[in-house]
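Peer 1: Here you go, one structure.
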Amino acid sequence: MTTTRCRAWALVSLEESGIFLKLGRSNTFRLIAMRYIMRDLSVDTERRTVCRDGVALKLPELSFDALVELIEAAPRPVNATQFASAVWRTQHVSDDTIAQRITLLRKSLADDPKQPVYIRTVRGAGYALLCPVVRDESKPPRRVGELLHPRALAAAASLAAIAGVLILFITGLPGTNAEAPRQTVAQQPQTDIDALVQNARANLNLHQSRETDRAIDMLHTALEIDPQHFDARLTLSFALTTRGTKFGGNEAEEQHSEAIARSLIAERPNSSNAWSALGYALDAQGRANEALPAYQTAYRLDPGNAPALSSAAYTLMLQGKLYQALDLEVRARQSGSNSRYSEIQIASLMELIGHPAAKTWREKALSLNPGQVVVLSELAKSNLRRGELQAALDVLNQAEGDDQLAPSILQLRGRIAVSLGQVTEARDYFQKAGEKGELELAALNAMLGEVGDAENLLRYKMSQLEDSTWPGFRVYLAEVLASLGKEEEALALVKRAINLGWRDVDWLKQSPFLGPAMLSSEGRQIEARIKRELAAQRRLILDAAELAIVFDS
């Protein structure tokens, strides 16, 4: 488990006595981040790491929280009620669930339950630390409360004023702006599984890397109790897709997410949320032609499913159908519910057709979602299209904590570094971005004359071309071809991307890899073709009275 710094967070939770604001790790205000020493282990509550002899141990999020609760209570035992409140953030969790978590914690610490050295079972009272704990005075404590972002605190306080109903949203897809559907919780859950699912959704709603991992951990725990629980599986599908695309997960997780969604649809064919989950998983795999019908089915089953409408709108935008995309965004805004990415997607649509309303929508998106990875990525792309490299960096610098390491953030930093001639930095960013940066890394290596690995990756990726209907895939492949000096093949691939709907001509012109090819005669013809397509869409949009809301807002 690796993190870069502690992020104070705010979470609104429901209790029998009403709604209260929960800061830090438990029900109380946690203002101090500390480092503790217990035998050969060092526990850092700020970085949320446990190290043995300088080597970090891998602890799931819930296991780390359980360990910190034991440390802070030491030498007293921690009972079930305390664990439920501090670790699962609910009023009740079964003894079996807690026992399973302690078992996992012991396994992570290599603590033999038959001859324990760290954790002991206290019959009838819970669990306690067996070894002494000392505070590491070599590192002064930090006041975590000072790290709490004012906007986060204000938003949480605003939510706390709303009694009775907590609206939770599961979220987003980087690179694509797909979004999971709205979930409404009207009362405190009565079972362990319901509590775990509700708290997992609350963590997903924070749209952060660590909280997404924590949510997945909770959902796996829930499914250990009941493997067929519909809502737990549904939420897990969304969570896996989110991690697989936004926070550096992998293709296997996206495929698993799809399999879960299909099993849910088989059980409940009329579940709008299950169809949304399927669209999300397909979208993440670049299968836009398959994702769109899934989203359309989702909002046909539930016309108020604004996230499904907005996700379908994004897919249509990828296909160059800007008028249809904007029409769905307007319908989503008129549905009476919310879609997290509506503002940034409308901004992107307005920018493509060259309308000044794009600026207003960009400002709205940032105001409503400060620090959110997808929004920051899209805003930075907007700057890059205009060649404003420093402005793009300033936007990316707004990412906090683990989100600084989100693949889309690292990918864009890498492109900026290439444009600035910072080759070493660019290579490092692309490598850290994982799969999301591998084609740009290949293009950079080819540009520097290291063609072997670039050509091998290109051949492998070209073999996958027919399985993807995402236009951007072809553009990234074209960048590798251009860097290899195969300009004619690169522009041919760009044309295929345009056939599939690519309309972002400024991205092509500002590309550090494709830019020179776009200055050629054929490149200028491609630019003229895209601009004709955009002009036709602009006329359709401006002539549609039902879309006037996007210009008046």
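The values are calculated or read from the model by the stated rules, or taken from the named source; none is laboratory data. Computed from a predicted structure; not experimentally measured. Heads up, the Cβs are rebuilt from the backbone with ideal geometry, glycines too, and the neighbour counts pull from every protein chain shown. Calculation scope for accessible area: heavy atoms of the full protein, side chains included, ligands and nucleic acids excluded. Shrake-Rupley method; radii C 1.70, N 1.55, O 1.52, S 1.80 Å.
Peer 1: Look at the range 510-541 and say how many of its residues are within 25 Å of Trp361 (Cα to Cα), free of Cβ contacts under 8 Å to residues at least 40 places away in the same chain and open to solvent by 50 Å² or more (accessible area, probe 1.4 Å).
Peer 2: 3
Peer 1: Same structure again: Tell me whether the range 129-152 contains one or more residues that are within 23 Å of Gln82 (Cβ to Cβ), open to solvent by less than 80 Å² (accessible area, probe 1.4 Å) and modelled with pLDDT of 85 or more.
Peer 2: Within the range 129-152, one or more residues are within 23 Å of Gln82 (Cβ to Cβ), open to solvent by less than 80 Å² (accessible area, probe 1.4 Å) and modelled with pLDDT of 85 or more.
Peer 1: Go through the residues of the range 387-399 one by one and say whether even a single one is on the phi < 0 side of the Ramachandran plot, part of a loop (DSSP other than H, G, I, E, B) and at pLDDT 95 or above.
Peer 2: Within the range 387-399, the subset on the phi < 0 side of the Ramachandran plot is 388-399.
Now drop any that are not part of a loop (DSSP other than H, G, I, E, B), which leaves 388, 397-399.
Filter once more, so that each one left must be at pLDDT 95 or above: 388.
Among the residues of the range 387-399, at least one is on the phi < 0 side of the Ramachandran plot, part of a loop (DSSP other than H, G, I, E, B) and at pLDDT 95 or above, which makes the answer yes.
Peer 1: What number of residues within the range 40-95 satisfy the criterion of being open to solvent by 20 Å² or more (accessible area, probe 1.4 Å), in contact (Cβ under 8 Å) with a residue 40 or more places away in the chain, within 13 Å of Gly126 (Cα to Cα) and not small (Gly, Ala, Ser)?
Peer 2: 6
Peer 1: Hey, any hits in the range 261-270 for a residue that's among the hydrophobic types (A, V, I, L, M, F, W, C), open to solvent by 20 Å² or more (accessible area, probe 1.4 Å) and modelled with pLDDT under 95?
Peer 2: no
Peer 1: Still on this structure, please answer the following. If we scan the range 442-464, do we find a residue that is surrounded by 23 or more Cβ atoms within 10 Å (Cβ to Cβ) and in contact with a Pro (Cβ under 7 Å, 6 or more places away or on another chain)?
Peer 2: No, because not a single residue in the range 442-464 is surrounded by 23 or more Cβ atoms within 10 Å (Cβ to Cβ) and in contact with a Pro (Cβ under 7 Å, 6 or more places away or on another chain).
Peer 1: Still on this structure, I have one more. Any idea which of Asp552, Asp504 is among the charged types (D, E, K, R) and open to solvent by less than 70 Å² (accessible area, probe 1.4 Å)?
Peer 2: Asp504
Peer 1: Can you name the residue in the range 296-323 that is of a type in the set (Ser, Thr, Tyr) and at pLDDT 95 or above and, of all such residues, is least open to solvent (accessible area, probe 1.4 Å)? Working first, answer last.
Peer 2: Initial filter on the range 296-323 (of a type in the set (Ser, Thr, Tyr)): 297, 299, 310-311, 314-315, 323.
Narrowing further to those that are at pLDDT 95 or above: 297, 323.
Details: Thr297: 26, Tyr323: 60 Å².
The qualifying residue least open to solvent (accessible area, probe 1.4 Å) is Thr297.
Peer 1: Any idea how many residues of the range 230-244 are of a type outside the set (A, V, I, L, M, F, W, C) and in contact (Cβ under 8 Å) with a residue 60 or more places away in the chain? Can you show your working first?
Peer 2: Narrowing the range 230-244 to residues of a type outside the set (A, V, I, L, M, F, W, C): 231, 233, 235, 237, 241-244.
If we keep only those that are in contact (Cβ under 8 Å) with a residue 60 or more places away in the chain as well, we get 235, 241-242.
Here the count works out to 3.
Peer 1: Output the residues belonging to the range 398-412 that are among the small types (Gly, Ala, Ser) and closer than 10 Å to Val373 by Cβ.
Peer 2: Of everything in the range 398-412, those that are among the small types (Gly, Ala, Ser) and closer than 10 Å to Val373 by Cβ turn out to be Ala399, Ala406, Ser408.
Peer 1: Right, another one. Tell me the helices (runs of 4 or more DSSP H) entirely within the range 261-363 that contain at least 3 residues that are touching a Gly at 6+ places or on another chain (Cβ under 8 Å).
Peer 2: Filter on the range 261-363 gives 288-301, 306-318.
Peer 1: Can you name the residue in the range 328-342 that is open to solvent by 40 Å² or more (accessible area, probe 1.4 Å) and among the charged types (D, E, K, R) and is also nearest to Arg362 (Cα to Cα) among such residues?
Peer 2: Arg340
Peer 1: Can you tell me how many residues in the range 214-253 are open to solvent by less than 50 Å² (accessible area, probe 1.4 Å) and assigned to a helix (DSSP H, G or I)?
Peer 2: Counting residues in the range 214-253 that are open to solvent by less than 50 Å² (accessible area, probe 1.4 Å) and assigned to a helix (DSSP H, G or I) gives 25.
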